[in-house]
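Data block below; observations after.
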Amino acid sequence: MPTTDTSEKGLEALIVGSFVNEAGYEQGRSEDYDRDHSVDLAKLLAFVTATQPKVAETLELAQDGPKRTQFLHRLQGEIAKRGVIDVLRGGVKHGPVDLDLFYGTPTPGNKKAEELFAANIFSVTRQLRYSKDETQLALDLCVFINGLPIAAFELKNRLTKQTVEDAVQQYKRDRDPKELLFQFGRCMVHFAVDDQEVRMCTHLKGKDSWFLPFNSDFRSMVTVIRI
């Protein structure tokens, strides 16, 4: 008989499976994460190139050079100023171009809007190495929309004698809110998860971080983020 993986990694695999197999997410790679700008660079470039090829050409996104770096600096600055939600909704103006970073839910019968919405890249990355200074530090999961991080996850499993409270304490103790990924407005939400309970925080403040009950299981959580 096949054995059941009751470890934290098993829970991680189960949640990623829900994102990928049930909600249609792509699975990202930690090595594609740009720590200087807190983006999944591969997914961001793929989205812009596919949906706005002239913009990608103008900004020279296909090559690692000054123009691409200037754009990434601008994007980072806009997220710091406006927050990731507003940047996804409103896009970014950079030099001569207006760049869309997300296409919203289409109205029924609008074929063009349906095509654009389908071009959005929802992705989830396991064991994301997020820190520039301590490169071995890894977050259990991170969800991205078109390469921009929107939700972070710390996972625990009660079968290994750790609960959602341990995940909360890990955020408070080990996740430095000065790290770019954990700065306010960079991610929409931070989830602490075990196999029975989910809690959430929108503003990490170290030991003063305030986590609220999500009042839903992780499968519903996947659906909420997909929308």
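Take the conditions farther than 18 Å from VAL189 by Cβ, of a type in the set (Lys, Arg) and in contact with a strand residue (DSSP E or B) (Cβ under 7 Å, 6 or more places away or on another chain) and apply them to ARG158. Does it pass?
Here the answer is no, as ARG158 does not meet what is asked.
Taking the residues in segment 135-158 that are surrounded by fewer than 20 Cβ atoms within 10 Å (Cβ to Cβ) and either in contact with an Asp or Glu (Cβ under 9 Å, 6 or more places away or on another chain) or among the basic types (Lys, Arg) (or both) as candidates, determine which candidate is farthest from ALA13 (Cα to Cα).
This residue is LEU137.
Taking GLY65, is it farther than 23 Å from ARG29 by Cα and surrounded by fewer than 18 Cβ atoms within 10 Å (Cβ to Cβ)?
no
Taking the condition of being part of a helix (DSSP H, G or I) and under 21 Å from LEU116 (Cα atoms), how many residues in segment 52-69 meet it?
6
Just give me the residues in segment 136-169 being in contact (Cβ under 8 Å) with a residue 60 or more places away in the chain and polar (S, T, N, Q), in sequence order.
Those that are in contact (Cβ under 8 Å) with a residue 60 or more places away in the chain and polar (S, T, N, Q): ASN146, ASN157, THR160, GLN162.
Among the numbered conditions (1) exposed (fewer than 12 other Cβ atoms within 10 Å of the Cβ); (2) of a type outside the set (Lys, Arg); (3) modelled with pLDDT under 95, tell me where ALA113 comes up short.
For ALA113, the exception is condition (1).
Would you check which residues across segment 9-56 are touching a helix residue (DSSP H, G or I) at 6+ places or on another chain (Cβ under 8 Å), of a type in the set (Asp, Glu) and surrounded by fewer than 20 Cβ atoms within 10 Å (Cβ to Cβ) and list them?
GLU22, GLU26, ASP32, ASP34, ASP36
Look at ASP166 and say whether it is in a strand (DSSP E or B), more than 19 Å from the chain's Cα centre (by Cα) and at pLDDT 95 or above.
no
Could you tell me how many of the residues in segment 72-82 are crowded, with 16+ Cβ neighbours inside 10 Å and either in contact (Cβ under 8 Å) with a residue 24 or more places away in the chain or not in a helix (DSSP H, G or I) (or both)?
Residues meeting the conditions: 5.
I'd like to check something: does segment 26-34 contain any residue that is under 24 Å from CYS187 (Cβ atoms), modelled with pLDDT of 95 or more, touching a Lys or Arg at 6+ places or on another chain (Cβ under 6 Å) and in a loop (DSSP other than H, G, I, E, B)?
The answer is no, given that none of the residues of segment 26-34 is under 24 Å from CYS187 (Cβ atoms), modelled with pLDDT of 95 or more, touching a Lys or Arg at 6+ places or on another chain (Cβ under 6 Å) and in a loop (DSSP other than H, G, I, E, B).
The values are calculated or read from the model by the stated rules, or taken from the named source; none is laboratory data. Everything numeric in this text was worked out from a predicted model, so none of it was measured. Don't worry about glycine lacking a Cβ; one is built from the backbone with ideal geometry, like all the others, and counts go over all protein chains shown.
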